[in-house]
Amino acid sequence: TGVNPLVSRAFFACARRDDGTFLVDALSTDGGSLPRNVIVEGGCALMKLGGLTPLEFAAKSSLIPARMLGLHDKGCLRVGSDADITIYDPVRGKAVLSFVAGRPVLQNGAVVAGGGTVLTTKFGEEAVRSRGLNARVLPGGIPALDRTFNC
(Lines give C-alpha, C1' and ligand atoms only; values in the text may rest on other atoms or scores of the structure.)
Protein backbone atom coordinates (compact mmCIF):
# COMPACT_ATOMS: atom_id res chain seq x y z
CA THR A 1 0.00 0.00 0.00
CA GLY A 2 1.07 3.55 -0.57
CA VAL A 3 2.34 5.83 2.14
CA ASN A 4 0.28 8.78 0.96
CA PRO A 5 -3.53 8.53 0.57
CA LEU A 6 -4.87 8.47 -2.99
CA VAL A 7 -6.76 11.76 -2.59
CA SER A 8 -3.65 13.69 -1.56
CA ARG A 9 -1.48 12.01 -4.24
CA ALA A 10 -3.98 12.95 -6.97
CA PHE A 11 -4.46 16.48 -5.62
CA PHE A 12 -0.76 17.32 -5.42
CA ALA A 13 0.06 15.66 -8.77
CA CYS A 14 -2.43 18.00 -10.51
CA ALA A 15 -2.23 21.17 -8.37
CA ARG A 16 -0.85 24.26 -10.09
CA ARG A 17 0.80 27.50 -9.11
CA ASP A 18 -0.75 30.83 -10.09
CA ASP A 19 1.49 30.91 -13.21
CA GLY A 20 0.07 27.55 -14.41
CA THR A 21 3.15 25.43 -13.63
CA PHE A 22 2.66 22.34 -11.50
CA LEU A 23 3.10 22.57 -7.74
CA VAL A 24 4.77 19.14 -7.83
CA ASP A 25 6.92 18.90 -10.93
CA ALA A 26 7.16 15.13 -11.44
CA LEU A 27 5.20 11.94 -10.90
CA SER A 28 6.85 9.54 -8.48
CA THR A 29 6.17 6.55 -6.26
CA ASP A 30 6.19 6.03 -2.51
CA GLY A 31 9.08 3.60 -2.98
CA GLY A 32 12.77 4.25 -3.34
CA SER A 33 12.74 3.57 -7.06
CA LEU A 34 10.60 4.64 -9.98
CA PRO A 35 9.16 1.56 -11.68
CA ARG A 36 7.63 2.47 -15.02
CA ASN A 37 4.50 0.39 -14.49
CA VAL A 38 3.55 2.34 -11.33
CA ILE A 39 4.24 5.70 -12.96
CA VAL A 40 2.22 4.75 -16.07
CA GLU A 41 -0.73 3.42 -14.09
CA GLY A 42 -0.85 6.50 -11.86
CA GLY A 43 -0.45 8.88 -14.79
CA CYS A 44 -3.15 7.15 -16.83
CA ALA A 45 -5.53 7.37 -13.88
CA LEU A 46 -4.84 11.11 -13.58
CA MET A 47 -5.51 11.56 -17.31
CA LYS A 48 -8.82 9.66 -17.03
CA LEU A 49 -9.81 11.97 -14.17
CA GLY A 50 -8.98 15.00 -16.33
CA GLY A 51 -6.12 16.10 -14.06
CA LEU A 52 -3.41 15.77 -16.73
CA THR A 53 -3.28 15.94 -20.51
CA PRO A 54 -1.17 13.32 -22.35
CA LEU A 55 1.53 15.99 -22.92
CA GLU A 56 1.57 16.90 -19.23
CA PHE A 57 1.79 13.20 -18.30
CA ALA A 58 4.77 12.73 -20.62
CA ALA A 59 6.49 15.83 -19.24
CA LYS A 60 5.87 14.91 -15.58
CA SER A 61 6.96 11.29 -16.05
CA SER A 62 9.97 11.75 -18.35
CA LEU A 63 11.15 15.19 -19.40
CA ILE A 64 10.99 17.10 -16.12
CA PRO A 65 12.35 14.27 -13.89
CA ALA A 66 15.29 13.88 -16.29
CA ARG A 67 15.98 17.61 -15.96
CA MET A 68 15.62 17.43 -12.18
CA LEU A 69 18.23 14.67 -12.04
CA GLY A 70 20.58 16.33 -14.54
CA LEU A 71 20.12 13.50 -17.05
CA HIS A 72 20.51 15.42 -20.28
CA ASP A 73 20.50 12.20 -22.35
CA LYS A 74 17.03 11.17 -21.10
CA GLY A 75 13.45 12.41 -21.03
CA CYS A 76 13.12 13.53 -24.64
CA LEU A 77 13.07 11.86 -28.06
CA ARG A 78 15.81 13.57 -30.06
CA VAL A 79 19.13 12.80 -31.71
CA GLY A 80 21.74 12.05 -29.06
CA SER A 81 19.29 10.95 -26.37
CA ASP A 82 19.10 7.41 -25.00
CA ALA A 83 16.74 5.12 -26.85
CA ASP A 84 14.48 4.64 -23.81
CA ILE A 85 10.74 4.69 -24.39
CA THR A 86 7.64 3.17 -22.83
CA ILE A 87 4.44 2.69 -24.80
CA TYR A 88 1.24 2.42 -22.83
CA ASP A 89 -2.32 1.34 -23.52
CA PRO A 90 -4.45 4.37 -22.54
CA VAL A 91 -7.62 2.28 -22.27
CA ARG A 92 -6.16 -0.23 -19.80
CA GLY A 93 -3.79 2.31 -18.24
CA LYS A 94 -0.88 -0.13 -18.44
CA ALA A 95 2.64 -0.14 -19.85
CA VAL A 96 2.74 -2.65 -22.73
CA LEU A 97 6.15 -2.13 -24.35
CA SER A 98 9.41 -0.60 -23.11
CA PHE A 99 12.82 -0.18 -24.69
CA VAL A 100 16.00 0.74 -22.81
CA ALA A 101 19.03 1.67 -24.89
CA GLY A 102 17.07 0.41 -27.89
CA ARG A 103 16.55 -3.08 -26.38
CA PRO A 104 13.10 -4.41 -25.43
CA VAL A 105 12.72 -4.87 -21.67
CA LEU A 106 8.91 -5.11 -21.52
CA GLN A 107 6.69 -6.74 -24.15
CA ASN A 108 2.93 -7.26 -23.88
CA GLY A 109 3.19 -6.02 -20.29
CA ALA A 110 5.72 -8.70 -19.26
CA VAL A 111 9.38 -8.14 -18.38
CA VAL A 112 11.59 -9.76 -21.02
CA ALA A 113 15.04 -8.56 -19.96
CA GLY A 114 17.01 -8.06 -16.78
CA GLY A 115 19.71 -5.73 -15.68
CA GLY A 116 19.26 -2.01 -15.80
CA THR A 117 20.79 0.79 -13.84
CA VAL A 118 19.88 2.25 -10.46
CA LEU A 119 20.14 6.02 -10.23
CA THR A 120 21.69 6.91 -6.89
CA THR A 121 23.70 9.53 -5.03
CA LYS A 122 27.28 8.89 -3.93
CA PHE A 123 25.88 7.89 -0.54
CA GLY A 124 23.93 4.96 -2.02
CA GLU A 125 26.48 3.81 -4.55
CA GLU A 126 28.14 1.17 -2.35
CA ALA A 127 24.78 -0.33 -1.32
CA VAL A 128 23.66 -0.58 -4.96
CA ARG A 129 26.91 -2.09 -6.22
CA SER A 130 27.16 -4.51 -3.25
CA ARG A 131 23.93 -6.07 -4.50
CA GLY A 132 25.43 -6.65 -7.93
CA LEU A 133 23.46 -3.86 -9.58
CA ASN A 134 24.70 -1.22 -12.00
CA ALA A 135 24.76 2.27 -10.50
CA ARG A 136 24.74 5.69 -12.11
CA VAL A 137 25.79 8.27 -9.54
CA LEU A 138 23.90 11.54 -9.75
CA PRO A 139 25.37 14.80 -8.49
CA GLY A 140 22.58 15.60 -6.04
CA GLY A 141 21.49 19.10 -5.12
CA ILE A 142 18.55 21.06 -6.44
CA PRO A 143 19.03 22.32 -10.00
CA ALA A 144 17.37 25.39 -11.47
CA LEU A 145 14.44 23.80 -13.25
CA ASP A 146 13.12 24.52 -16.72
CA ARG A 147 9.40 23.77 -16.33
CA THR A 148 8.52 24.12 -20.00
CA PHE A 149 7.59 21.06 -22.03
CA ASN A 150 10.08 21.83 -24.82
CA CYS A 151 12.89 19.36 -25.52
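The values are calculated or read from the model by the stated rules, or taken from the named source; none is laboratory data. Fair warning: this is a prediction, and the values are worked out from it, not measured in the lab. Methodologically, a virtual Cβ is constructed for each residue, glycine included, from the backbone with ideal geometry; neighbour enumeration extends over all protein chains shown.
Can you tell me which of (1) in a loop (DSSP other than H, G, I, E, B); (2) modelled with pLDDT of 80 or more; (3) acidic (Asp, Glu) is the one ASP146 doesn't meet?
Unmet for ASP146, out of (1) in a loop (DSSP other than H, G, I, E, B); (2) modelled with pLDDT of 80 or more; (3) acidic (Asp, Glu): (2).
Quick grid of which residues meet (1) of a type in the set (Ser, Thr, Tyr); (2) outside any helix (DSSP H, G or I); (3) in contact with a Lys or Arg (Cβ under 7 Å, 6 or more places away or on another chain):
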| position | (1), (2), (3) |
| --- | --- |
| ARG67 | no, no, no |
| LEU71 | no, yes, no |
| GLY80 | no, yes, no |
| TYR88 | yes, yes, yes |
| ARG92 | no, yes, no |
| LEU106 | no, yes, no |
| GLY114 | no, yes, no |
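Looking at VAL40, VAL79, VAL100, VAL128, which is the one that is within 29 Å of VAL7 (Cα to Cα) and not hydroxyl-bearing (Ser, Thr, Tyr)?
The unique qualifying residue is VAL40.
Looking at region 95-106, is at least one residue closer than 24 Å to ALA10 by Cβ and in contact (Cβ under 8 Å) with a residue 12 or more places away in the chain?
Yes, because at least one residue in region 95-106 is closer than 24 Å to ALA10 by Cβ and in contact (Cβ under 8 Å) with a residue 12 or more places away in the chain.
Output the residues belonging to region 70-84 that are more than 17 Å from PHE149 (Cβ to Cβ) and touching a strand residue (DSSP E or B) at 6+ places or on another chain (Cβ under 8 Å). Can you show your working first?
Of region 70-84, the ones more than 17 Å from PHE149 (Cβ to Cβ) are 70, 73, 79-80, 82-84.
Within region 70-84, ASP82, ALA83, ASP84 meet the criteria.
Could you list, in sequence order, all residues of region 74-107 that are charged (D, E, K, R), more than 23 Å from PHE22 (Cα to Cα) and surrounded by fewer than 18 Cβ atoms within 10 Å (Cβ to Cβ)?
ARG78, ASP82, ASP89, ARG92, LYS94, ARG103
Mind telling me which of the residues ALA58, ALA110, ALA45 ends up being loosely packed, with under 13 Cβ neighbours inside 10 Å and among the aliphatic types (A, V, I, L, M)?
ALA110
Taking the conditions exactly as written (surrounded by 15 or more Cβ atoms within 10 Å (Cβ to Cβ) and over 14 Å from the mean Cα position of the chain (by Cα)), does GLY51 satisfy them or not?
yes
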